Every structure is written in structure tokens, then in C-alpha cells.
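**Q** Following this message is one structure expressed as C-alpha cells.
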Amino acid sequence: MDYTTIRHNFENHGFSTRFFPTAEEARDYLVKTLERQTIGFGGSVTLRDLGLFEALQEKNAVVWHNKVKVESHDIRRMANTASVYITSVNALAETGQIVNIDGTGNRISMTAFGPRSCYYVVGKNKIMPTLTDAMDRAPYGMQSEIIFVDQDLGL
């Protein structure tokens, strides 16, 4: 896996990137970088396994629907007002694409239209050579249906 090429491909799409050899170094970077912030979390086994919620909670207000015993929709709405959002991905393609399939849409909506800053934390297990491989790695999200109409619609 060539991280230089992967980083270059994402930077060409407007992302800034950082590489850390260990999960602990990535967690420590985020803890040092993010202080006195309101941080929203997307549902993520990656973030849970890093212990990132607990580490960031020391100097921030962190909102994560997996950790709070309040109606989940209310917590997700609170995360919408956060100044920072942290999540992971289902997969990345080395060619510079992110694949995120979401059960409720909170992660996708927050990364597309959310806070000032968004951080994706991605382990090497989620990096696939091509977009097709990345799509194959991603699970199906919520049940969706496409309605085709055999008629011209819209512009």
C-alpha cells in the first residue's frame, strides 16, 4: 500500500491528510488538536476501539448517540450543531474516493453539510485499491427503493 499516492489522490480532491503509524498516535494528535470544542461523533467501531470519545471528553463537549442515554434522534440533532465532526468510513479507494453507506444518514449528512471541520479516521483495513473494491467492502445501509418512471420528469 503506497500511502504517498493515496494521500496525493485525496489531496487532489481538496482533502488535507495525515498519516500515523499507530492508532495511539492518531488519537493523541486529535486530543492535542481539539480542545474546547463541541465535537459530534458518527457511529463507528473504529472510534470506539480508539477510545477517542473518552480521550476527547476530557477537554471538549463530545456528543455521540452511542454513549448517551437520550432519544437517539435528539442526540443526532445535537451533533448537527457541533463545530467538529469525527467519523470513519466503510471504505476508501486508493484512487481518492470515500465510500460511506449509512443506516440513518447522520454520518453522511454531517460530512456533506455539517460543522466547520470534519475528521475521518481510517484504518488500513478499510483502504481498497479501486472504487469497485471499496464498494464491495461496504455493507448495505438502510433499505432504499428507486422508482423509475417511463416519462420525462424535471428539466
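**Q** Assuming R0 = 22 Å, can you tell me the calculated FRET efficiency for the pair His8 and Lys124, based on Cβ-Cβ distance, to the nearest 0.05?
**A** The pair His8/Lys124 has a calculated efficiency of 0.85.
**Q** Related question: So for the pair Ser109, Asp133, with labels modelled 7 Å out along Cα→Cβ, what separation do we get in nm?
**A** Taking the simple label geometry, Ser109 and Asp133 are separated by 3.4 nm.
**Q** Stick to Cα atoms and the Kirkwood definition of Rh, then tell me Rg/Rh for the range 3-137.
**A** Here Rg/Rh amounts to 0.95.
**Q** Also, I was wondering about something else. Looking at the range 1-66, which GluC sites (Glu not before Pro) are DSSP coil and have at most 12 other C-beta atoms within 10 Å of their C-beta?
**A** Glu35, Glu58
**Q** Then there is this: Within the range 1-45, list the chymotrypsin sites (Phe, Trp or Tyr not before Pro) lying in a DSSP loop whose Cβ has at most 12 other Cβ atoms in a 10 Å radius.
**A** Within the range 1-45, the qualifying chymotrypsin sites (Phe, Trp or Tyr not before Pro) (loop, at most 12 other Cβ atoms within 10 Å) are Phe19.
Each reported figure results from applying straightforward, stated rules to the coordinates on display, with no laboratory input. Predicted, not measured: the structure shown is a model, and the values here were computed from it. Ideal geometry is used to build each Cβ from the backbone, glycine not excepted, and the neighbour counts take in all protein chains shown.
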